[in-house]
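For reference, the structure is listed below as structure tokens.
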Amino acid sequence: MLTAVIALSALALVSSLLLAMVARAFAVPSNPKVEEIEGALPGANCGGCGLPGCGELARRIADGKADIDSCPVGGERVAQMIALIMGKSYAGGLVRKVAFILCGGDDQVAAKRFYYNGVRDCTSAAILFGGDKACQYGCMGLGTCEGVCPFDAMHMLPTGLPEVEPVKCTACGKCVAACPKHIIKLVPVDKRLHILCSSHDRGAKVRKICAVGCIGCTKCVKEGPEGAIAMQNNLAVVNYDFDIPDTVAAVCPMNTIRAISLDGSGDNAGVKAAAGGGV
Amino acid sequence: MAGGKFFGGVHPEYNKDLAAARAIEAMPLAARLVVHFAQNLGAAPKPVVKKGDAVKKGQIIAEPQGFISVPIHAPTSGTVQSIDIFPHPVGADMQAAVIIPDGKDEWADGCNVERDASRFDAEAIKQIVRDAGLVGMGGAAFPTHVKLSPPKEKPIDLLIINGAECEPYLTSDHRLMLEKPAQILEGASYFAKVLGVNNVSVAIEKNKPDAIEAMRKAAEKLGIAVRGLDVVYPQGAERQLIFALVGRTVPAGALPMDVGVLVQNVGTSFAAYEAIRFARPLIERVVCVTGRGIVNPRNVLVRIGTTFGDVITYCGGQQPDAGKVIGGGPMMGVAQYSLEASVTKGTSGIVVLKQEEVAQFVGEACIRCGRCVRACPMRLNPSVLGIFAERLRFDDAGEHHVLDCIECGCCAYVCPSRRPMVHQFRRAKAEVRRKAAKAS
Amino acid sequence: MEEKKEREINESLDEAMPRFLVSSSPHIHDGTRIGDIMRLVIIALVPAALFSVYLFGLRALLTIVISVGSAVLFEALWQKMMRKPVTIGNMSAALTGLLLALNLPAMSPWWMILVGSFFAIVITKQFYGGIGYNIFNPALVGRVVLLIAFPLQMTAKWVAPSAWGMNAVTTATPLGKMREALLSTGHLDVHLTRHEVIDLLIGNRAGSLGEVSVVLLLVGGIFLVARKIITWHIPVSFIASVWAMSGIFHLVNPARYADPSFHVITGGLFLGAIFMATDYVTSPITPGGKLIFGVGCGAVTVVIRLFGAYPEGVSFAILLMNAFTPLIDRYVKPTVFGARKEKAKAAA
Amino acid sequence: MKTLILIIVSAVFVNNFVLSRFLGICPFLGVSKRIKTAGGMSAAVIFVMTMASAATWLFYSHVLVRFHLEYLQTVTFILVIAALVQVVETVLLKMSPTLYRALGIYLPLITTNCAVLGVAVLNIQKQYNLIQTTVFGFGAAVGFGFAMMIFSGIRERMELCDTPVPLKGTAIGLVTAGLLSLAFMGFTGLVKQ
């Protein structure tokens, strides 16, 4: 028994001495905060922050090269946790954003110019005359955004438009970057009024090719609060800093403006209307 | 140096007999011309006319921007009705001028005068070629004067006049060689003069024996060799043509001038002849209007800017079951969505296919049969490239040399799974280039 | 259906505008479909299959029918279950079933065929996503699973050949006989008389359904090469390397290792080399890779036949090389036209 | 010499540690997604297993046997291996941070890797001498690397497959490992045990 104890202790002693020596000889300086921060991050490695993975972001934050609220997925909660680790203060006040598709032109209301046959991917399809939709600004409906969403928050509807599930969406921004038509925007979840069009075409042309496109009539600009809706190159654009009453939607002759509840408050009729095309 | 057979290639049904026997005929002026500004590879020229301006035939309506750019000329006299966005046959919507001809077809000053070309030196010829708006008329539309200006350390010792016309259906170069052999060779002689080259070869696929015969006859006195080439697509692609003719391999990522060769299309040579001898800028070209979807296939001499619709109407219109209109040949041409697309300098043909002839991409899984590997004239592995592109793994596609793809279409032509490979490669190439541009 | 509806809606929207089909180049196609290729391979196998019916009787026909039928059924059922388009029309499942049948003995019980067919179609092929994605040759996995799970049925019950299978006598395969002799007496008793060689070539011997007739398999192979369905690389390198390797061992010790020609014309080598190893999905895509693949198959076959516990190694060899295929494909790439010069330049 | 070659052949092909003894499955599935990391892992395993074989054998025959402590075999082997792996890890972090990061959690996992402990125990069971032990450890590790390389090639290709969702990842990985060991069964009986 004694020999066993002695043998084991000796072995342990020799091993630990060896390890200590090696650790000394091959020491690498490291920042313990990196691991802590990485633990606080969601760990989905979605790339929403623009970096290859959560580990890389953790390293950047620890080195002070990235802000503590750089993770769009984790939002306020994660930012606060990281602030604790880094010994910084975090003000908060970040309103959750979700992706939103600024196009209402599904297959029933928006015209197509040709029969497309080829790769089922929006960016690839845009190589050929910018896509088969007569509206050059509209959603092409091939589901590239659905494919890149790491959170299964985006689904193509049979009508040819994608739909965002606000609950699942983390505003990682992958779909925003992937959309070749740049019609997906991150919008504050508490705002209800949206203009579902991105077309800069003139009104006459829009009328011809899409039943729900913005024709630039400026009625909404006049109806809404001062500066809340602005005309930009034939297109009405919502400034999400403002709270706009739902009633503004009623003045739109094309039903382009819709009141949609993204955070689950109020009625969700608007969402259904958007999904169904609203005609 | 002896030539050889290049690797790969396919043997599509050529269908050249549809229009090969029809002599070139000049199409009457259309009621409305849509002249695109961007007609050359490189920088698009800048418009210098505005709505309401009166223009003369041959007058410059867009000035070149930078070296790799050529001017655009008014194809006839008339007024500029508007400047707007129109479908361009290369596959995008672009800015174009709508010109309403006044019917007088009046030349601008200094144009259309016969002159003695022997007084021009190399620089003068280059300048004329540029001012006349010459671009490669085989389809790529690369400015000719740029090609004629190789850097000093890369001397050219061989000029190849490319009459291979390997694209199925098309016969415009074929007819041009039959009808204007002497003029083509004279144009080629100006190129030779600019480059200081004595060695000129005309390369024609053997399926055009009459064209070989005609060119031989004209070339005899000039000491220019006319060579018949095996009939295999893409025989007319520069790299493959050079290898087949003289056995030189153009390094990947390099240009023919790196091996001392310059290739010019027969149509370009003819345009050079017109520009240098008669001071006629490039405002019209031979377009082969063909395919089973066309009522009367024929070869027509068309003003640049004539809409496809007008050209097709002139050729008897479309058959009722026409399903696809292609600007260019069926292997590399671009399918058009609108007949408002207009003839540009690079439009070698308008092919209208019947619905049942059109290849439909299904995009089933790759079964790795290797037919594309055997067909690819660039010795790529289209199978794996296509799989990478399909999964949006463009970095891997780049590693497998997707940038060397010449988009000849051989892989997709033979693919039993009907995968849209060329489409995928175009996307992949764009992504790889974008990434490289970002990095630098 | 959906697409059609979509078109109608759109047409009503803009009747005025004619709509063309727009896709990327090329706009024409040589017309070949996957089904055409599979059909040609099946046609190339028909002579061998018919001959097996002649040799082993209706049992052979029954085996083929059960195998093909179950393979097609499994594929259709799985695809229905997964809500994928059913692709039995491209005949690849039928081909797998036929190949599996040709790799089985004529006496195979029906339930065994079903098990093999299930492993081939569902586990080896559909688990990976169906046609084009499988890593291993489905028919061979089916066979090897049966070989390991039911060794008695798979190795001991061979029917001796006779016209239309009139007298169903069980016997052993030539390779099996050789091994038995080797184990019991310690030396070979393989004497290749001309008569025996002819018997072996024609296929007048015991064996699994499709492997017996070298001549008919060769005819099918030549047909496939002529129709450019397969290339010569894998069959030739496979068979040649078996011949060469077994030849070397034969020279070293003729009493223990059989004549190389015997090794080439017995067993499933021709069936394997021409029809199994050349399976598109599971073999390398480049000519160079194919040669490596073939030589690898040959080497492993000889090692297993001469030193392993199994008398026949073709199936295992091909499966093993299937596993190597991704690595071969990764490192044996075609040289891009013009790339060699670039390298030379970079070196200079 | 002949026995040594047979030991290697047996360890690499016939009794492949992964595919017929089913040892070391964890890194086999975990680090085989990329050929590069699989290569790094294989190299690390080859180093650790060869060293561990020799070290444990020496410790066993010179310490444990002398003091009649054979019953401590497992415990002490784990200790020796753990120390060895820790050394490798520290050295690797300094010499090749990329490989270190690529191996990630799997490097410490070699510590408790049954393949390493397995080879050490098998050495004693088979009563190999020191040279045979080292060769066997090396051969077994090469066999592991061999299987790793094949498998990572397959994994890279499987990434491009249309695998049904429920089977994606480890599930199809295990199916593939099963089919792979099916192929390796052909080597049965190649070397008499």
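Every read-out reported here was derived from the displayed coordinates using simple, explicitly stated rules and does not represent laboratory data. Quick caveat: nothing in here was measured; it's all calculated off a predicted structure. Cβ placement follows ideal geometry from the backbone for every residue including glycine, while neighbour counts extend to all protein chains displayed.
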Item checked: Neighbourhood charge, 11 Å Cβ-Cβ cut-off, centred on residue B:279 and excluding it, Lys, Arg +1 and Asp, Glu -1 -> -1
Check: Mind checking which of A:80, A:232, A:108 has the largest fluctuation in a GNM of chain A, springs on alpha carbons under 10 Å?
Finding: A:232
Next item on the list: Compute the Rg to Rh ratio over segment B:371-439 from the alpha carbon atoms, using the Kirkwood formula for Rh, and round to two decimal places.
Entry: 0.96
Next item on the list: Report the calculated FRET efficiency for residue B:100 and residue B:355 (r = Cβ-Cβ distance, R0 = 35 Å), to the nearest 0.05.
Entry: 0.50
Margin query: Taking θ = phi - 60°, what integer Hz values does the Karplus form 6.51 cos²θ - 1.76 cosθ + 1.60 yield along segment A:137-150, in sequence order, with x for Gly and Pro?
Written below: 9, x, 5, 8, x, 9, x, 5, 5, 4, x, 8, 5, x
Next item on the list: Quick one, can you get me the convex hull of the C-alpha atoms of segment B:84-238 expressed as volume per residue in Å³?
Entry: 172 Å³
Next item on the list: State the dimensionless ratio Rg/Rh of the protein assembly as shown (Rg: radius of gyration of Cα atoms; Rh: Kirkwood radius).
Entry: 1.02
Next item on the list: Starting from one equal scatterer on each C-alpha and no solvent at all, send me the Debye-based log10 I(q)/I(0) for segment B:135-201 at q = 0.18, 0.24, 0.25 Å⁻¹, two decimals.
Entry: -0.77, -1.21, -1.26
Checklist line | Diffusion constant of segment C:34-153 at 37 °C, which comes from Stokes-Einstein with the Kirkwood Cα-pair radius and 0.692 mPa s, µm²/s | finding: 232 µm²/s
Notebook entry, point to check: For segment B:257-400, what is the per residue volume of the convex hull drawn over the alpha-carbon atoms, in cubic angstrom?
Noted result: 171 Å³
Checklist line | Ratio of Rg to Rh over segment A:32-94 (Cα coordinates, Kirkwood Rh, two decimals) | finding: 0.91
Next item on the list: Determine the percent antiparallel among the DSSP beta bridges restricted to the protein assembly as shown, to the nearest 5.
Entry: 70 percent
Checklist line | Other protein chain Cβ atoms within 10 Å, averaged over every residue that makes up B:319-330 | finding: 3
Next item on the list: Go through segment B:418-430 residue by residue and turn each phi into a ³J(HN,Hα) via Karplus (6.51, -1.76, 1.60, θ = phi - 60°); whole Hz please, and just put x for glycine and proline.
Entry: 6, 8, x, 5, 4, 4, 4, 5, 4, 5, 4, 4, 4
Notebook entry, point to check: Can you work out the FRET efficiency for the pair residue A:56 and residue A:226, with r the C-beta to C-beta distance and R0 = 45 Å, to the nearest 0.05?
Noted result: 0.55
Notebook entry, point to check: For the residues A:86, B:378, A:254, what sequence is obtained by ranking on other C-beta atoms within 10 Å, fewest first?
Noted result: A:86, A:254, B:378
Check: For residue B:50 and residue B:301, FRET efficiency with R0 = 25 Å and r from the beta-carbon atoms, rounded to 0.05?
Finding: 0.25
Notebook entry, point to check: What are the residues whose amide H is under 5 Å from the amide H of residue B:226, where those residues sit 5 or more places off or on another chain and H is modelled from the backbone?
Noted result: B:202
Notebook entry, point to check: In chain D, if every C-alpha pair distance is counted and binned at 10 Å from zero, what percent goes to each bin?
Noted result: 9, 35, 34, 18, 4, 0
Note to self: Once each part is reduced to its C-alpha centroid, what is the distance from segment B:68-144 to segment B:365-411 in angstrom?
What the structure shows: 37 Å
Checklist line | Cβ charges +1 (Lys, Arg) and -1 (Asp, Glu), total dipole of segment B:238-347, debye | finding: 180 debye
Note to self: Given the DSSP H assignment, sum -39500 (n - 2.57) over each helix run of at least 4 residues in chain B and divide by its residue total; what's the result at 222 nm in deg cm²/dmol, nearest 500?
What the structure shows: -8000 deg cm²/dmol
Notebook entry, point to check: Magnitude of the Cβ-charge dipole of segment C:34-153, K/R +1 and D/E -1, about the Cα centre, nearest 20 debye?
Noted result: 180 debye
Item checked: Fluctuation leader among C:87, C:335, C:286 - chain C, Gaussian network, Cα springs under 10 angstrom -> C:335
Next item on the list: Starting from the Cα coordinates of segment A:81-147, work out the convex hull volume and express it per residue in Å³.
Entry: 149 Å³
Next item on the list: Arrange the following residues from fewest to most other Cβ atoms within 10 Å of their Cβ: A:167, C:68, A:206, A:78.
Entry: A:167, A:78, C:68, A:206
Note to self: Kirkwood Rh over alpha-carbon pairs of chain B, then Stokes-Einstein at 25 °C and 0.890 mPa s: what D in µm² s⁻¹, rounded to an integer?
What the structure shows: 110 µm²/s
Check: Going through segment B:90-126, which GluC sites (Glu not before Pro) have at most 11 other Cβ atoms within 10 Å and a DSSP loop state?
Finding: B:114
Next item on the list: Mind telling me which of D:47, D:146, D:67 comes out most flexible in a GNM of chain D, alpha-carbon contacts under 10 Å?
Entry: D:67
Notebook entry, point to check: By counting other Cβ atoms within 10 Å of each Cβ, how are C:99, B:195, C:50 ranked from fewest to most?
Noted result: C:50, B:195, C:99
Note to self: Normalised by the empirical 2.2 N^0.38 Å for globular proteins, what value does the Cα Rg of segment A:47-159 take?
What the structure shows: 1.48
Margin query: What Kirkwood Rh does chain C have if only Cα atoms enter the pairwise 1/r average? Answer in Å.
Written below: 21.9 Å
Next item on the list: Determine the sum of side-chain charges near residue B:207: Lys and Arg each +1, Asp and Glu each -1, restricted to other residues whose C-beta is under 15 angstrom from that of residue B:207.
Entry: -4
Note to self: Explain nothing, just the number: dipole magnitude of segment B:1-105 about its Cα centre with +1 on each Lys and Arg Cβ and -1 on each Asp and Glu Cβ, in debye rounded to the nearest 20.
What the structure shows: 160 debye
Check: What's the percent breakdown of Cα-Cα distances in segment D:28-67 across 5 Å bins, shortest bin first?
Finding: 6, 23, 17, 14, 11, 10, 8, 7, 3, 1
Next item on the list: Per residue of A:208-216, count partner chain C-beta atoms within 10 Å of its C-beta, then hand back the mean as an integer.
Entry: 1
Check: Which value in deg cm²/dmol, rounded to the nearest 500, describes the helix-derived mean residue ellipticity at 222 nm for chain A, given -39,500 (n - 2.57) per DSSP H run of n ≥ 4 and division by the residue count?
Finding: -9000 deg cm²/dmol
Next item on the list: Could you state the orientation-averaged shadow area of the convex hull built on the Cα atoms of segment A:97-275, in nm² to one decimal?
Entry: 9.5 nm²
Margin query: With a cap of 15 neighbouring Cβ atoms within 10 Å, and only residues DSSP puts in a loop, list the trypsin sites (Lys or Arg not before Pro) found in segment D:117-193.
Written below: D:126, D:168, D:192
Item checked: Charge dipole (segment B:283-440, unit charges on Cβ, about Cα centre) - positive-most of B:359, B:302, B:332 -> B:332
Notebook entry, point to check: Around residue C:144, with a cut-off of 15 angstrom between Cβ atoms, what is the net charge of the other residues, counting Lys and Arg +1 and Asp and Glu -1?
Noted result: -1
